[in-house]
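Each remark here refers to the structure printed beneath this line.
The values are calculated or read from the model by the stated rules, or taken from the named source; none is laboratory data. Just so it is clear, the model here is predicted, and its values are computed rather than measured. So basically every Cβ, Gly included, is an ideal-geometry build from the backbone, and we count neighbours across all protein chains shown.
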Amino acid sequence: MPYVKTGGILLLLLSGSLSATEPWNDLDAQIQRALPGVIALRHAIHQQPELGNREVLTSQRIAQRLRELGLEVQTGIAHTGVVGILRGGRPGPVVAIRAELDALPLTEQTGLPYASTVRSKDEGNDLRSRGKDIGVMHACGHDAHMAMALGVAEVLAAHREQLPGTLKLIFQPAEEGPPLGESGGARLMIEQGVLQNPAPQVIFGIHVTAGTAGTFTLSRQRTTAAADTFVARISGRQTHAAFPWTGIDPVPVAAQVILAWQTIPSRQSNLSLLPAPVISVGRIEGGERHNIIPAEVRLEGSIRTVSDEQREDVLQRMTRTAEKIAEASGAKAQVEYLPGGYRAGYNDTALVDRMLPVLQQVSTTPVRIDNGTYGADDFAEYARQIPGLFMRMGVTPKSLEGGPVWPTHSPGFQVDDPSLAVGIRALSRMTLSYMGNSKNP
Ligand SMILES: [Zn+2]
Ligand SMILES: [Zn+2]
């Protein structure tokens, strides 16, 4: 539902108060002046993407830029994480903005002049791709997030004496997950004290997404889903395909399990209480030859749930379903959930309601309110500690509109550069508004 009707009333109040404040009423002009530099920086980061916990050059680049802007800089947090602190000249709250440093193991196919040609060894938790040489790409748009955060630092640092509070910029490694056997991401940043000294009162984050450039979408409550990866092994007994009764065939058992899992969302979840969970089998593997019944079938996939309780419940039901169906045929099923799953993320409703008029004012199109996405993000971890606001911003370049959709995590994902200004404006205005400088209600 678009946030238009009530937004109109608040909009008038806000624009009145903004024009009365100095020096932020020339913020838009400042952002436009900073934009070429911000874009150039994004392209440079885009050309040199690095995988999770290996963001060494990216981290150096960010730290250097923060120092140039006169911020206090901390490095080496949760491996390669960087924090920049901008202490305003006037007392006020601490506001955090989070950006991510890592790219994805994916070979870019955008054909852009600044496309990545970087290759690396995949160190993820998928055994088949692990160790393989693969392209690396900022296919989740984290290059845009870094550039926008640095843009905010630049425009707010320009008048730091007037800033009524402290801005804490958190540049986090390994949002897409650390290499196998390592820890990392938001949880490790929090363990290593990123929400202390100074402790932020609130945290903001933007994630770019395929969609109309400059359009914001956010939820008043749940914003991202929990994501878990599963590996199920259905074991039978190998035999000749002509005499199946002499063995135990795991193939039809696997087929039954896959279909039965779909009755968890459709038949076993109370849809009047919560949105349905999503269970997707992304990979099936089994067998050697057309006339041999295999000993094992392996199923791999992703589970998306919308609350901690639903997550627990769905994992239990999936295990029980697989085990009992296998047992009925004399086969065995073992379901494993890989470590490093994401928890569901929630926006702070009061914070959303307070920031909506600000967003509506900076946005060129109506702000959209929805019930959250089935995508996952470890921003959820910060927002479980302090009030958080996480929103998506469309960044599809005009030149790609009407063509095939290239979402994040695809080799053709592109970011509309002028939209970075909209993101910087939103983050700066929300920060100033929260700090009280814009006399926002
Ligand atoms: Zn991603
Ligand atoms: Zn991402």
Restricting to region 125-171, what's the tally of residues that are more than 16 Å from Arg67 (Cβ to Cβ), modelled with pLDDT of 95 or more, in a strand (DSSP E or B) and among the aliphatic types (A, V, I, L, M)? 3
For region 93-115, what are the residues that are surrounded by fewer than 22 Cβ atoms within 10 Å (Cβ to Cβ) and either within 30 Å of Glu285 (Cβ to Cβ) or within 16 Å of ligand 2 (Cβ to nearest atom) (or both)? Leu106, Thr107, Gln109
Filter region 163-175 for residues that are in contact with a Lys or Arg (Cβ under 7 Å, 6 or more places away or on another chain) and more than 14 Å from ligand 1 (Cβ to nearest atom); the one that is nearest to Ile77 (Cα to Cα) is Ile170
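Return the residues of region 291-318 that are in contact with a helix residue (DSSP H, G or I) (Cβ under 8 Å, 6 or more places away or on another chain) and not hydroxyl-bearing (Ser, Thr, Tyr); say none if nothing qualifies.
Step one: of region 291-318, the residues in contact with a helix residue (DSSP H, G or I) (Cβ under 8 Å, 6 or more places away or on another chain) are 293-297, 299, 303, 305, 314, 317-318.
Within region 291-318, Ile293, Pro294, Ala295, Glu296, Val297, Leu299, Ile303, Val314, Arg317, Met318 qualify.
Taking the criterion of being within 14 Å of ligand 2 (Cβ to nearest atom), within 19 Å of Phe171 (Cβ to Cβ) and surrounded by 24 or more Cβ atoms within 10 Å (Cβ to Cβ), would at least one residue in region 84-92 satisfy it? Steps first, please.
So the first thing to find is which residues in region 84-92 are within 14 Å of ligand 2 (Cβ to nearest atom), and the list is none.
Within region 84-92, none of the residues are within 14 Å of ligand 2 (Cβ to nearest atom), within 19 Å of Phe171 (Cβ to Cβ) and surrounded by 24 or more Cβ atoms within 10 Å (Cβ to Cβ).
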Could you tell me whether any residue of region 39-47 is away from ligand 1 (no atom under 16 Å from the Cβ) and assigned to a strand (DSSP E or B)? no
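Does Arg392 satisfy being touching a helix residue (DSSP H, G or I) at 6+ places or on another chain (Cβ under 7 Å) and within 16 Å of ligand 2 (Cβ to nearest atom)?
Answer is no for this residue.
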Cβ-Cβ distance below 9 Å, separation of 6 or more or different chains: which pairs start in region 408-430 with a residue that is in the same structural domain as Leu389 (by TED's automatic domain parsing) and of a type in the set (Phe, Trp, Tyr) and end on one that is more than 16 Å from ligand 1 (Cβ to nearest atom) and part of a loop (DSSP other than H, G, I, E, B)? Phe413/Thr110
Can you say whether Pro178 is touching a residue at least 12 places away in the same chain (Cβ under 8 Å), assigned to a loop (DSSP other than H, G, I, E, B), of a type outside the set (A, V, I, L, M, F, W, C) and more than 16 Å from ligand 1 (Cβ to nearest atom), as far as the supplied structure shows? no
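For every residue, the table says whether it meets (1) touching a Pro at 6+ places or on another chain (Cβ under 6 Å); (2) surrounded by 24 or more Cβ atoms within 10 Å (Cβ to Cβ); (3) among the aromatic types (Phe, Trp, Tyr); (4) not assigned by TED's automatic domain parsing to the domain that holds Arg33.
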| position | (1), (2), (3), (4) |
| --- | --- |
| Thr117 | no, no, no, no |
| Gly124 | no, no, no, no |
| Gly131 | no, no, no, no |
| Ile134 | yes, no, no, no |
| Ala144 | no, yes, no, no |
| Met148 | no, yes, no, no |
| Gly151 | no, yes, no, no |
| His159 | yes, no, no, no |
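Report, by residue number, each residue of region 104-123 that is among the basic types (Lys, Arg) and touching a Ser or Thr at 6+ places or on another chain (Cβ under 9 Å). Can you show your working first?
Keep residues of region 104-123 that are among the basic types (Lys, Arg), which gives 119, 121.
The answer is Arg119, and nothing else.
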Over region 275-305, the set of residues surrounded by 22 or more Cβ atoms within 10 Å (Cβ to Cβ), under 20 Å from Ala380 (Cα atoms) and aliphatic (A, V, I, L, M) is Ile303
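Residue check: is Gly214 of a type outside the set (Lys, Arg) and either within 16 Å of ligand 1 (Cβ to nearest atom) or at negative phi (or both)? Quick ask: steps written out before the conclusion?
Numbers: of a type outside the set (Lys, Arg): yes; either within 16 Å of ligand 1 (Cβ to nearest atom) or at negative phi (or both): no.
Judged against the criteria, Gly214 is not a match.
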Are there any pairs with C-beta distances below 6 angstrom linking a residue in region 365-385 that is within 16 Å of ligand 1 (Cβ to nearest atom) to a residue that is assigned to a loop (DSSP other than H, G, I, E, B), with the two at least 6 apart or on different chains, and if so which? Tyr374/Ala225; Ala376/Ala225; Asp378/Glu175; Asp378/Gly185; Ala380/Arg343
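Just need a number here: residues in region 133-152 that are within 16 Å of ligand 2 (Cβ to nearest atom) and among the acidic types (Asp, Glu). Working first, answer last.
To start, the set of residues in region 133-152 that are within 16 Å of ligand 2 (Cβ to nearest atom) comprises 136-149.
Restricting the remaining residues to those that are among the acidic types (Asp, Glu) gives 143.
Selection size over region 133-152: 1.
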Within the bounds of region 213-226, is there any residue that is farther than 22 Å from Ser363 by Cα, among the small types (Gly, Ala, Ser), surrounded by 22 or more Cβ atoms within 10 Å (Cβ to Cβ) and within 16 Å of ligand 2 (Cβ to nearest atom)? yes
When you look at Gly92, is it within 15 Å of Ala157 (Cβ to Cβ) and assigned by TED's automatic domain parsing to the domain that holds Gly388, yes or no? no
